[in-house]
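Asker: To start, I am sharing the structure in question, which I have written as structure tokens.
Please treat every number below as a calculation from the coordinates, not as lab data. Every value quoted in this text rests on a predicted model; they were computed, and no experiment measured them. We place every Cβ from the backbone using ideal geometry, glycine too, and count neighbours over all the protein chains shown.
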Amino acid sequence: MNVRMLLLLCWMPVAMQAQGFAGLGTQAEGFSVPQPGPVFDFPTDHGPHNDYRIEWWYLTANLKAADGTEYGLQWTLFRSALAPEAGAGWTAPQLWMGHAAVTTPNDHYVSERFARGGIGQADVIAEPFAAWIDDWALQGDWATMQMRASGPEFAYDMALTAEGPLVFHGADGFSVKSAAGQASYYYSQPFFAIEGTLQLPDGDIAVTGNAWLDREWSSQPLADNQTGWDWFSLSFDDGAKLMGFRLQQTDGANFTSATWINPQGETTPYSDGALEAFPMAFNDADVPVRWQVTLPDKGVDVTVAAINDNAWMTTSVPYWEGPVTVSGSHSGVGYLEMTGYD
């Protein structure tokens with residue numbers, strides 16, 4: 001799900017008179033719309049889908065240093081189309097935005113980049129895979145990848161190795177987002193092992209951990225009564241994983257979806273109501289930073305707690321995103337993203 005959709009559509013003029021959260025409920029006339037029964041084509045689908053309005057390549061990672069200190073990082077490239085027509089050079093209707101962040105127990109470092117499409121400053125190539133904006137890059141063959149980004153107070157250079165298969169959310173990658181049927185195409189590589197170096201104000205830190213890469217594209221993903229979301233990607237110590245989101249509605253109800261991923265990468269999708277997420281504690285900005293997350297069908301009843309309560313993304317459209325710990329029926333680590341909070 002994720003804030004990627006919010007950020008991309010906020011560049012578009014239609015967002016000024018939008019329905020739903022940041023224009024995500026507006027009609028997408030002229031653009032392609034996801035349909036049930038998708039058939040994915042790799043490596044082509046690792047690349048851009050310019051006939052859809054919004055798209056992202058979104059990686060988060062839980063990291064640990066030799067002394068046991070926990071860290072998190074984010075690398076994201078967003079694509080937004082101003083119009084469904086094709087174009088070249090400066091007439092290309094694609095806009096690009098990058099977000100990068102590093103979270104420590106005490107600090108949260110953020111950087112943001114913008115680019116026009118068609119001039120080489122930012123783009124994605126399916127084969128050999130390369131995604132970039134300026135000197136930020138994610139590239140490789142999806143079995144092994146290299147990733148780098150930097151900001152005024154941080155930099156990182158990471159190597160990733162896939163230790164499991166791609167997984168598809170919803171019905172074989174058709175991920176429904178509302179009772180009205182809005183949807184996206186959505187798959188992930190949640191099995192990356194990651195290692196590299198964080199460059200922080202106090203010095204370089206060697207880290208290792210696990211990373212989760214999301215791929216999603218759509219044109220009108222939300223209903224006009226949906227006001228924000230809470231998204232969880234959890235990696236349990238026994239090798240299983242859980243993706244789940246809660247979409248907030250103006251009537252006070254929530255629309256939920258989840259994917260259970262066993263250690264071998266086999267998935268069980270869950271539709272609205274199977275997953276529940278309840279805020280348990282809030283930071284000083286009244287953003288929930290501790291949650292109870294349950295999926296009774298898999299015996300999941302866990303507490304999800306932020307490593308740093310103040311992992312606020314101070315970007316053009318602000319949101320909360322940071323690493324979390326998991327305890328209760330299952331233990332582990334993960335990432336939490338929240339939008340719709342003032």
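Asker: Only one of the listed values, (1) 57, 49, 39; (2) 51, 45, 40; (3) 61, 51, 29, was derived from the coordinates as Cα extents along the principal axes in Å; which label is it?
Answerer: Checked against the structure: label (2).
Asker: Then there is this: Work out, step by step, the length gained on full extension between Asn262 and Asp297: first 0.36 nm times the residue separation, then minus their alpha carbon distance; give nm to one decimal.
Answerer: Full-extension gain reported as 11.3 nm.
Asker: Starting from the Cα of Asp134, move 7 Å in the Cα-to-Cβ direction to define the label point; list residues of the range 189-204 whose amide nitrogen is under 20 Å from there.
Answerer: Those under the cut-off are 198-201.
Asker: Can you give me the distance in nm between label points at Ala65 and Ala193, each placed 7 Å from the Cα along the Cα-to-Cβ direction?
Answerer: Output for this residue pair reads 2.3 nm.
Asker: Ok, one more. When we measure straight from the Cα of Lys64, which lysines land under 24 angstrom away, once same-chain ones fewer than 8 places off are left out?
Answerer: Filter leaves Lys241.
Asker: Can you pull the one-decimal nm distance between simple spin-label points at Glu163 and Ser32, each 7 Å off the Cα toward Cβ?
Answerer: 3.5 nm
Asker: Also, quick follow-up: Please give the FRET efficiency for Ala180 paired with Asp41, using the beta carbon to beta carbon distance and R0 = 30 Å, rounded to the nearest 0.05.
Answerer: Efficiency, from the Cβ-Cβ distance: 0.60.
Asker: What's the extension gain from Gln146 to Glu127 if we count 0.36 nm per residue and subtract their Cα-Cα distance?
Answerer: 5.4 nm
Asker: What FRET efficiency do you get for Thr208 and Ser331 if R0 is 25 Å and r is their Cβ-Cβ distance, rounded to the nearest 0.05?
Answerer: Efficiency computed from Cβ-Cβ geometry: 0.85.
Asker: May I pose another question? Check Tyr319: other-chain or 5+ apart residues with amide H under 5 Å from its amide H, H built from backbone geometry?
Answerer: Met313
Asker: Can you compute the helix-only [θ] at 222 nm over the chain? Use -39500 (n - 2.57) per DSSP H run of at least 4 residues, normalise by all residues, nearest 500 deg cm²/dmol.
Answerer: It comes out at -500 deg cm²/dmol, rounded to the nearest 500.
Asker: To continue, here is another question. For the ranges 259-266, 91-98, what's the packing order if you count other beta-carbon atoms within 10 Å of each residue, average per peptide, and put the highest first?
Answerer: 91-98, 259-266
Asker: Also, quick follow-up: So if each residue of separation counts as 0.36 nm, and I subtract the Cα-Cα distance between Glu85 and Phe278, what length gain in nm does that give?
Answerer: My answer for the length gained is 65.2 nm.
Asker: Once label points are set 7 Å from the Cα along Cα→Cβ at both Thr250 and Ala171, what is their separation, rounded to one decimal in nm?
Answerer: That separation, rounded to one decimal, is 2.8 nm.
Asker: Just to confirm my numbers, what's the Cα centroid distance between the range 129-176 and the range 213-281 in Å?
Answerer: Their Cα centres are 20 Å away from one another.
Asker: Next up: Take peptides 273-279, 69-75 and line them up by average Cβ neighbours within 10 Å, highest first, as a rough protection proxy.
Answerer: My ranking of the peptides, most packed first, is 69-75, 273-279.
Asker: Just to confirm a number: summing +1 for Lys and Arg and -1 for Asp and Glu over residues other than Met280 whose beta-carbon lies under 13 angstrom from that of Met280, what do you get?
Answerer: My count for the surroundings of Met280 gives -3.
Asker: Given the C-alpha centroids of the range 63-105 and the range 187-205, what is the distance between them in whole angstrom?
Answerer: A separation of 15 Å, based on Cα centres.
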